[in-house]
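Visitor: Quick one: the structure is below, questions incoming.
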Amino acid sequence: MVKNPVFIRMRSEIAAGTRGSSFGPLAVEWAAIKSGNTLFNDYPIIDLKDQNQSLYNNVDTPNAIRIEALCDVYKELSGAVQETLEKGKNFPVVISGDHANAGGTIAGIKTAFPDKRIGVVWIDAHGDLHTPYTTPSGNVHGMPVALSLGMDNQSNGINNLSEKEARLWNELKGFGGIQPKILPQDIVFFAVRSTEEPEDKLALEHGIKNYSVPELRYRGLDLCLKEAEQKLADCDLIYISFDVDSMDCDLISYGTGTPVQKGLDQQEATSIIQYFMNMDKTVTLEFVEINPLLDEKGNRMAETAFEVLDELLK
Ligand SMILES: [Mn+2]
């Protein structure tokens, strides 16, 4: 561990379909305290303002629920990530509520380094490649990859957007004045296993590679990780997005908004993140979608996330 971690706590959960991921960042900190670990006291924590009060509002953008408030979340989060990165050798470790926040983190990296090419390691059960045009749910936490790619995927769309929805989606895609933030060839998925047709078509069309759990086990983690590193060889920087639902819900716990079976085990998840963390060009790591309100094993998901994090920062 040669990096200089700065924790960024963003408790926004407004883009998830189930309530409770705003408690995720705190649950991870509780797990540290419970085990007598001082990690969160050893490094600075920047606590950001969320927009969770918007959960009381009526939804007037059903194809991109609470997207207006999410613009404010992005402002807050991207600003903090940018500032932290610009202050020298800092390594932002973002502990987030729902996965829509990742779009704000990516925007922060891109605005800090507008001329650099950002590679993305996306560890998730889901592809998060929906857009307001294709979404069956309207939950923006299923959209951050498409959003960062600046894509609409209208050809596979099922929804007609209102003027307001289209305007705010465009605002979010172009956030920070740069669009797209990332290129499809610079994304590598790990453990994605629950996608819908419009997402599959987009991934196929742009050749986005997913290392499925069976492929990782059949070919071996080492080989797949070396190959993934090669795929990102032309990228100047790397961002790692760790959605805890990438892990197997039966093995770990159901303490996440959209649990999916047959995922990674804790060691596999740790090894994948560690591999990229060891690279100099990796600049930011994010943990998302820990939901202690849904955890049937007490606080097991947050405890697991904390163990992974602690291992990585040793
Ligand atoms: Mn996700």
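Visitor: Name every residue in the range 116-161 that is surrounded by 22 or more Cβ atoms within 10 Å (Cβ to Cβ) and small (Gly, Ala, Ser), in order of residue number.
Guide: Result: Gly119, Ala125, Gly127, Gly142, Ala146, Ser148.
Visitor: Could you tell me which residue of the range 295-314 is surrounded by the most Cβ atoms within 10 Å (Cβ to Cβ), considering only residues that are more than 19 Å from the chain's Cα centre (by Cα) and either among the polar types (S, T, N, Q) or not in a loop (DSSP other than H, G, I, E, B) (or both)?
Guide: Among them, the one singled out is Asn299.
Visitor: Now a separate question. Which numbered condition in (1) within 16 Å of the ligand (Cβ to nearest atom); (2) part of a loop (DSSP other than H, G, I, E, B); (3) farther than 28 Å from Asn170 by Cβ is the only one that Ile95 fails?
Guide: It is condition (2) that Ile95 fails.
Visitor: A further question follows. Quick one: in the range 115-135, which of the residues that are within 20 Å of the chain's Cα centre (by Cα), of a type outside the set (D, E, K, R) and away from the ligand (no atom under 11 Å from the Cβ) is nearest to Gln82 (Cα to Cα)?
Guide: It comes out as Ile118.
Visitor: Now for a separate question. Given the options Arg217, Arg193, name the one that is open to solvent by 10 Å² or more (accessible area, probe 1.4 Å), touching a helix residue (DSSP H, G or I) at 6+ places or on another chain (Cβ under 7 Å) and not β-branched (Val, Ile, Thr). Can you show your working first?
Guide: On the way: Arg217 fails: touching a helix residue (DSSP H, G or I) at 6+ places or on another chain (Cβ under 7 Å).
Result: Arg193 is the single residue among Arg217, Arg193 that is open to solvent by 10 Å² or more (accessible area, probe 1.4 Å), touching a helix residue (DSSP H, G or I) at 6+ places or on another chain (Cβ under 7 Å) and not β-branched (Val, Ile, Thr).
Visitor: OK, next. For the range 234-263, how many residues meet the condition of being of a type in the set (Gly, Ala, Ser), closer than 17 Å to Asp128 by Cα and not in a strand (DSSP E or B)?
Guide: Let us first name the residues in the range 234-263 that are of a type in the set (Gly, Ala, Ser), namely 241, 246, 253, 255, 257, 263.
Retained after the next criterion (residues that are closer than 17 Å to Asp128 by Cα): 241, 246, 257, 263.
Still in the list and also not in a strand (DSSP E or B): 246, 257, 263.
Residues in the range 234-263 being of a type in the set (Gly, Ala, Ser), closer than 17 Å to Asp128 by Cα and not in a strand (DSSP E or B): 3 in total.
Visitor: Then there's this: Give the residues of the range 32-70 that are open to solvent by less than 60 Å² (accessible area, probe 1.4 Å) and assigned to a helix (DSSP H, G or I), sorted by residue number.
Guide: Scanning the range 32-70 gives Ala32, Leu39, Phe40, Asn52, Ser54, Leu55, Ile67, Ala69, Leu70.
Visitor: Sticking with this structure for a sec: Go through the range 238-269 and give me each residue that's within 19 Å of Leu221 (Cα to Cα), surrounded by fewer than 19 Cβ atoms within 10 Å (Cβ to Cβ) and in contact (Cβ under 8 Å) with a residue 40 or more places away in the chain.
Guide: Lys262, Gln266
Visitor: So Asp200 ticks every box in (1) part of a helix (DSSP H, G or I); (2) open to solvent by 40 Å² or more (accessible area, probe 1.4 Å); (3) more than 25 Å from Ile123 (Cβ to Cβ) but one. Which box is left unticked?
Guide: Of (1) part of a helix (DSSP H, G or I); (2) open to solvent by 40 Å² or more (accessible area, probe 1.4 Å); (3) more than 25 Å from Ile123 (Cβ to Cβ), only one is false for Asp200: (3).
Visitor: Okay, moving on. Can you pull out every residue in the range 154-195 that is among the charged types (D, E, K, R) and under 18 Å from the mean Cα position of the chain (by Cα)?
Guide: Lys173, Lys181, Asp186, Arg193
Visitor: Something else: If you take the residues of the range 220-237 that are surrounded by fewer than 19 Cβ atoms within 10 Å (Cβ to Cβ) and of a type in the set (A, V, I, L, M), which of them is nearest to Thr270 (Cα to Cα)?
Guide: Leu221
The values are calculated or read from the model by the stated rules, or taken from the named source; none is laboratory data. For clarity, every value in this text was computed on a predicted model and none was experimentally measured. In this analysis, Cβ positions are derived from the backbone assuming ideal geometry, glycine residues included, and neighbour counts consider all displayed protein chains. Calculation scope for accessible area: heavy atoms of the full protein, side chains included, ligands and nucleic acids excluded. Shrake-Rupley method; radii C 1.70, N 1.55, O 1.52, S 1.80 Å.
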